[in-house]
């Protein structure tokens, strides 16, 4: 039943995002996060690469446990669009885990809600994104003692465009990320995911516990 619920949610989100994310700028950072919070005072450093249809990106992030169930993350990356004019892009997100499969009241999967922000300044103008996100994941213990967690993220956001010539526009956009996180050790996580949000592609990453 748990697997059926997770699969159903993923399929609904996939269908919605596939229709709605056309012509969006999309994220340079991917998701690289499961729903489970890292824990208060715990910090991780991570890096990843995105190979997508609008741009290739190389990114890094620092995630910090603000409380037992709240994580905050700051991100920086290099975005290389099709025209080859590489730009620095900045981002941040926050997530609050409100479902935990290990709670006294059993839940079908871990789930978190939160917000996200991204900004990049091109020669012709700037693009910013601000919105909310929902992340669901479920951990499976493997026979070798490691954990693998399929996850999905659905986001709804405003994308704003500001031209150097004075024009501007803001649109409502949607996006989906789906992938797998492998906890290779207590301090190392490896990620592989796909993204559909206008910058459609494959994202690979790794993070390390530093606090």
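The values are calculated or read from the model by the stated rules, or taken from the named source; none is laboratory data. Computed from a predicted structure; not experimentally measured. Neighbour counts run over all protein chains shown; Cβ positions are idealised from the backbone, glycine included.
Data table
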| quantity | calculated |
| --- | --- |
| Within the stretch 50-71, tally of residues that are part of a strand (DSSP E or B) and surrounded by fewer than 16 Cβ atoms within 10 Å (Cβ to Cβ) | 2 |
| Residue list for the stretch 175-211, filter: crowded, with 21+ Cβ neighbours inside 10 Å, on the phi < 0 side of the Ramachandran plot, modelled with pLDDT under 95 and more than 12 Å from the chain's Cα centre (by Cα) | 199 |
| One residue from 150, 108 being surrounded by 15 or more Cβ atoms within 10 Å (Cβ to Cβ) and assigned to a loop (DSSP other than H, G, I, E, B) | 108 |
| Odd one out for residue 115, checked against (1) closer than 24 Å to residue 172 by Cα; (2) modelled with pLDDT under 95 | (2) |
| Every residue from the stretch 153-166 that is in a strand (DSSP E or B) and either surrounded by 14 or more Cβ atoms within 10 Å (Cβ to Cβ) or more than 20 Å from the chain's Cα centre (by Cα) (or both) | 153, 154, 155, 156, 157, 159, 160, 161, 162, 163 |
| From 93, 169, residue being at pLDDT below 95 and not in a loop (DSSP other than H, G, I, E, B) | 169 |
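To keep it simple, each residue is scored yes or no on (1) surrounded by 12 or more Cβ atoms within 10 Å (Cβ to Cβ); (2) more than 19 Å from residue 201 (Cβ to Cβ); (3) modelled with pLDDT of 90 or more.
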| position | (1), (2), (3) |
| --- | --- |
| 4 | no, yes, no |
| 24 | yes, no, no |
| 33 | yes, no, yes |
| 38 | yes, yes, yes |
| 46 | yes, no, yes |
